[in-house]
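Enquirer: Input: one structure, supplied below.
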Amino acid sequence: MNNFFDARGGGAAGGGPMQWFHSLPPVTRLWLGSTLTVTALANFDVLQWTDLDLTHLTDVLGKSSNTTNSSSVLLFGRLEIWRLLTCFLYIGKFGWHSIINLHLMTQISSRYESMGPICTRRIFVPHQNNPQLLQQQQRNNQNNNYPYYSKGETSDYICALLFGVTGILLSQFYLLPYLGDTFHHHYRFFHRHLTFYTLYIWSKHYPQHNVNLFGVVMKAAYLPFAYLVMGYALSNGEVVPMDMIHGMFVGHLYYYLACVVPTVLGRGRVVIWTPGVLIDLCHWLEGRRVGGVNDDDVDGGEPIVVDTDGVIGG
């Protein structure tokens, strides 16, 4: 398949809305398009928001039917698996609040994906029979046998988002309730959770990157906490933005497992990694070679950093 994803993006940012949309990196483009579609359908009453939310993981089993006595239907109801995704895609009624959330999500996701996400693709192929992978292994030996390739790509970002979705839902329903009402808020939608999850891992991966938040220049490492203070201040100190904190907490867990643990354990041992099926699928959609190793995996360089200094907040 030839460049279905168009991984480099196409078009010019200044050539109109569609040109700008197609210039976005593939995962960001898919995330933004899905969010706009689900939110628009709910705002125009094509879908009901009550069919999109998730109050507990058992919601995916649906409600029992009153028109049948089937024990299987009464037990399992009507499967509503889509809720596991739509609860991350609906951002509420159209307004300034939703526009700001979309703007933040698009900028953060686009920056993280363009600059190079954290790589969690393991080096599986026997290195003795592959000179390119042998070269990669020699570089890793100088870095405590670090088990991943040096550059992140589309599959790594998708894997990170899947980890974030899973971690946010599991901790929301099975961890936070045990911490009391201070930490457990009954959220139905988790769009901002996932946005701040992405923001946090980006800020940890590129801590020295300069950002401009409403005219205030700071390092990326401080950006999540700046937003946290702003969210608390805008509520006059009455509401703690737990959705931001929750997303950042799961983001810290991902960063620790993906970057800290392999370094500490050494000898190529890892806790999380990008599944090979996902890697091959993304390579196929991007028109790249499926299986084996691609040239981008062994060039030995750092992630490509683009000039994205600008105003994140406005």
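The values are calculated or read from the model by the stated rules, or taken from the named source; none is laboratory data. Worth saying up front: this structure is predicted, and the values here are computed from it rather than measured. No Cβ is skipped: glycine too gets one built from the backbone with ideal geometry, and neighbour counts run over all protein chains shown. Note: areas computed on protein heavy atoms with side chains; ligands, DNA, RNA excluded. Shrake-Rupley method; radii C 1.70, N 1.55, O 1.52, S 1.80 Å.
Enquirer: Output wanted: per-residue J couplings in Hz (rounded whole) for the range 206-215, from phi through Karplus 6.51 cos²θ - 1.76 cosθ + 1.60, θ = phi - 60°, x for Gly and Pro.
Expert: 10, x, 8, 5, 7, 10, 10, 9, 6, x
Enquirer: Amide H of R122 versus every other amide H placed in the peptide plane: which residues, excluding those fewer than 5 positions away on the same chain, fall under 5 Å?
Expert: Under 5 Å from the amide H of R122: T274.
Enquirer: Under 5 Å between amide hydrogens, which residues at least 5 positions from G62 or on another chain qualify, with H placed 1.01 Å from N in the peptide plane?
Expert: Excluding prolines and chain starts, which carry no amide H, the hits are E80.
Enquirer: Can I ask one more? Per residue, how much accessible surface does the range 143-276 expose to a 1.4 Å probe? Answer in Å², no decimals. Mind showing how you got there, number by number?
Expert: On the way: 6260 Å² over 134 residues.
Spelled out: the 1.4 Å probe surface of the range 143-276, per residue, equals 47 Å².
Enquirer: If you roll a 1.4 Å probe over the range 165-233 with all protein chains in place, what percent of the accessible area is carbon or sulfur?
Expert: It is 65 percent, rounded to a whole number.
Enquirer: Whole-Hz Karplus ³J(HN,Hα) for the range 92-98, in order, using 6.51 cos²θ - 1.76 cosθ + 1.60 and θ = phi - 60°, x for Gly and Pro?
Expert: Values, residue by residue: x, 5, 4, x, 4, 4, 5 Hz.
Enquirer: Please give the contour-minus-distance gain from L179 to V261: 0.36 nm per residue of separation, less the Cα-Cα distance, rounded to one decimal in nm.
Expert: Value of the extension gain: 26.9 nm.
Enquirer: As a test question: what accessible area, to the nearest 10 Å², does R289 have when a 1.4 Å probe is rolled over all protein chains in place?
Expert: 130 Å²
Enquirer: Between K219 and H252, with labels modelled 7 Å along Cα→Cβ, what's the label distance in nm to one decimal, could you check?
Expert: 1.7 nm
Enquirer: Hey, another quick one. Are there chymotrypsin sites (Phe, Trp or Tyr not before Pro) in the range 196-232 that DSSP marks as loop and that have at most 13 other Cβ atoms within 10 Å, and which are they?
Expert: Working: sites: F196, Y197, Y200, W202, F214, Y222, F225, Y227, Y232; in loops: F214.
Loop-located and lightly packed - F214.
Enquirer: Taking the simple approach of a point 7 Å from Cα along Cα-to-Cβ for both Q48 and L170, what is their distance in nm?
Expert: Each label point lies 7 Å from its Cα, and together they span 3.2 nm.
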